[in-house]
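Remarks on the structure that follows.
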Amino acid sequence: MLFDEQRTFDPAEARLDDLAASVATRKLHDFGYPVNQESRLIGFYRWLAGSGLNLAMVNNAGDPFDKEPAHLMSSLEFEREVIEHLGPLYGFDPDDLWGIVTFSGTDGNNHGLYFGAKYLENKTNKRPVLYVSDAAHYSGRRLADLQHLDMALIPSDVHGRMIPEALEKALIPERPALVVYAMGTTFKGGVDDQDALNAVLAEYPDMEVYRHVDAALFGGYLPYSEYRDAVDRRVHPFDSIAISGHKFFGMDEPGGFFLTTKDVREHQNPYNISYLNCSMPMINCSRSAMTPIKFWWIFQHTSREQFIEQTETMLRNAAWLKEQLDGMGWPAWLEPMSNTVYFKRPPENVVKKYNLAPDYDDRLGGELSHIVVMQHANEKRLQQFLDDLKS
Ligand SMILES: Cc1ncc(COP(=O)(O)O)c(C=O)c1O
């Protein structure tokens, strides 16, 4: 606690104390969802409390890549630095980079679909078809609905990967293709085989293609792993990528990143808004100024070596968990590059204690759950889960 010395009783605070106490206990075995419960922002809050910034309303309504910040009551300069810090991790040339800090992975996907559709329309005068796998996060389907995009939902294989033959069957080559590659599906952690899918797309050289990568969770740690090429656009070309910031990177509230190229940015309606003194290609007007600063803080205070270490530990712990489940004869699976171990669903009390997400797949015997091995899911806590499962 930072400010507890002089507290007098306040019933509102007392109620919030209950919430805080419950969350603080539960978070240690919160294994079912991809969030990093080891937020490193305590130093940030210490600084913020005495800074004066906590007493102001700041707003990033504006384009962080405008030469002059649209207005000074913002943290646009820091937002831009965050995007410039991340760009090279995904193979973006620093001179050909545009992006924003988003409200979430879904917000990043919203921008990916919107920018992709507008880009393709601008180039071809045709509305694209969206291709996304049925194992990808549901936001693709929701956003297709929201944006009135024609969508082909492509079946996935048992590993959660889009089936290339099914994409081939569904393609409408007369229309441009807006393809979402899932780099880590939500439940199984399946990674779409970009080479195989690109080979299908390459059979139609006249078809304009835009590739958006949904790398909500894996996009955080893959750049720090031996699998970094999977999210490097120089190796596997893509036009935009969305990553959640509260997953691997340890933001303590929803947030994320949307990165794309200047070419894509320039094919958007810029909405030059005089009263904002800038162009507004992004979907939202007001955007958080605090989230970019918190990300900036995280990147200032976490070295590349620390992110590498966190990644190695997570992947090692995931492999260890899978091995232990195998040893117990409990059906379990772990996809390549993944920190998500999925397995036959445990009894309800274990599901509840560890906040495990449920899913169902007939091909794997029916009811499933998974553990997303994030930074806080260390070997000791995972051992406790295994002990509970045994008993
Ligand atoms: C693959 C994938 N994409 C997108 C999302 C949505 O991200 P957010 O919850 O940050 O909106 C998730 C969330 O778990 C996800 O797993």
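Report, by chain and number, residues whose modeled amide H sits under 5 Å from the one on Tyr33, excluding near sequence neighbours (fewer than 5 apart, same chain).
Correct list: Val372.
Rank by packing, highest mean first: peptides 158-166, 296-304, with packing defined as the count of other Cβ atoms within 10 Å averaged across residues.
Result, highest mean Cβ count within 10 Å first: 158-166, 296-304.
With n ≥ 4 as the cut-off for DSSP H runs, can you work out [θ] at 222 nm for the chain, using -39500 (n - 2.57) per run divided by the number of residues, rounded to the nearest 500?
So the helix-based figure for the chain works out to -11000 deg cm²/dmol.
Thr124 versus Glu13, label points 7 Å from Cα toward the beta carbon: distance in nm?
Taking the simple label geometry, Thr124 and Glu13 are separated by 6.0 nm.
Within 10 Å of each candidate Cβ there may be at most 15 other Cβ atoms; applying that plus a DSSP loop requirement, which trypsin sites (Lys or Arg not before Pro) in the range 88-132 survive?
Lys126
Which of Thr124, Thr25, Thr102 has the fewest other C-beta atoms within 10 Å, and how do the rest follow up to the most?
Result, fewest neighbours first: Thr25, Thr124, Thr102.
Can you sort Asp193, Asp362 from fewest to most other Cβ atoms within 10 Å of each residue's own Cβ?
Going from least to most buried by this count: Asp362, Asp193.
Which whole-Hz couplings ³J(HN,Hα) result when phi for each residue of the range 39-46 is put into the Karplus expression 6.51 cos²θ - 1.76 cosθ + 1.60, θ = phi - 60°, listed in order with x for Gly and Pro?
4, 10, 9, 4, x, 4, 5, 4
Order of 186-192, 90-96 by packing, highest average Cβ count within 10 Å first?
Most protected by this proxy first, the peptides run 186-192, 90-96.
Give me the extension gain from Arg316 to Asp362: residue separation times 0.36 nm, minus the current Cα-Cα distance, reported in nm with one decimal.
Gain on stretching Arg316 to Asp362: 13.7 nm.
If each residue of separation counts as 0.36 nm, what is the full-extension length gain between Asn349 and Thr25 once their alpha-carbon separation is subtracted?
115.0 nm
Starting from the Kirkwood Rh over alpha-carbon pairs, what translational D in µm² s⁻¹ does the range 261-324 have by Stokes-Einstein at 25 °C and 0.890 mPa s?
D = 154 µm²/s.
What is the spin-label model distance, in nm, from Asp134 to Val235 if the labels are put 7 Å beyond Cα along the C-beta direction?
With each label placed 7 Å out from Cα toward Cβ, I get 3.1 nm.
Take the Cα atoms of the chain, find their three principal axes, and give me the spread along each one in whole Å, biggest first.
60, 56, 37 Å, listed from the longest principal axis down.
So how do Asp195, Asp239 line up by other beta-carbon neighbours within 10 Å, fewest first?
Asp195, Asp239
What list of ³J(HN,Hα) couplings, whole Hz, do you get for the range 80-96 from phi and the Karplus terms 6.51, -1.76, 1.60, once you set θ to phi - 60° and write x for glycine and proline?
4, 4, 5, 5, 5, 5, 7, x, x, 4, 10, x, 7, 6, x, 7, 10
What list of ³J(HN,Hα) values in whole Hz, one per residue of the range 365-379 in order, does the Karplus curve 6.51 cos²θ - 1.76 cosθ + 1.60 (θ = phi - 60°) give from phi, with Gly and Pro shown as x?
Rounded to whole hertz, the list is x, x, 6, 10, 9, 9, 10, 9, 7, 8, 4, 7, 7, 7, 4.
Report the residues of the range 26-48 in range of a label on Asn284: point 7 Å along Cα→C-beta, backbone N strictly under 16 Å from it.
Residues passing the 16 Å test: none.
Which length gain, in nm to one decimal place, applies between Asp95 and Met328 when the Cα-Cα distance is subtracted from 0.36 nm times their residue separation?
78.7 nm
Show me 129-137, 31-39, 169-177 ranked by packing, highest mean number of other Cβ atoms within 10 Å first.
129-137, 31-39, 169-177
I'd like the antiparallel share, as a percent to the nearest 5, of DSSP beta bridges with both residues in the range 55-301. Each step should come with its number before you reach the end.
Numbers: 15 of 32 bridges.
Taking every DSSP beta bridge with both residues in the range 55-301, the antiparallel ones total about 45 percent.
Pairs of alpha-carbon atoms within less than 8 angstrom and 6+ residues apart define the contacts here; what relative contact order does the range 233-386 have, in percent?
The value is 15 percent.
In whole Å, how far is the Cα centre of the range 300-349 from that of the range 50-109?
With the range 300-349 and the range 50-109 each reduced to a Cα centre, they are spaced 32 Å.
Quick note: the coordinates plus some simple rules give every number you see, no bench work behind them. This one's a predicted model, so the numbers in the text were calculated from it and none came from an experiment. Heads up, the Cβs are rebuilt from the backbone with ideal geometry, glycines too, and the neighbour counts pull from every protein chain shown.
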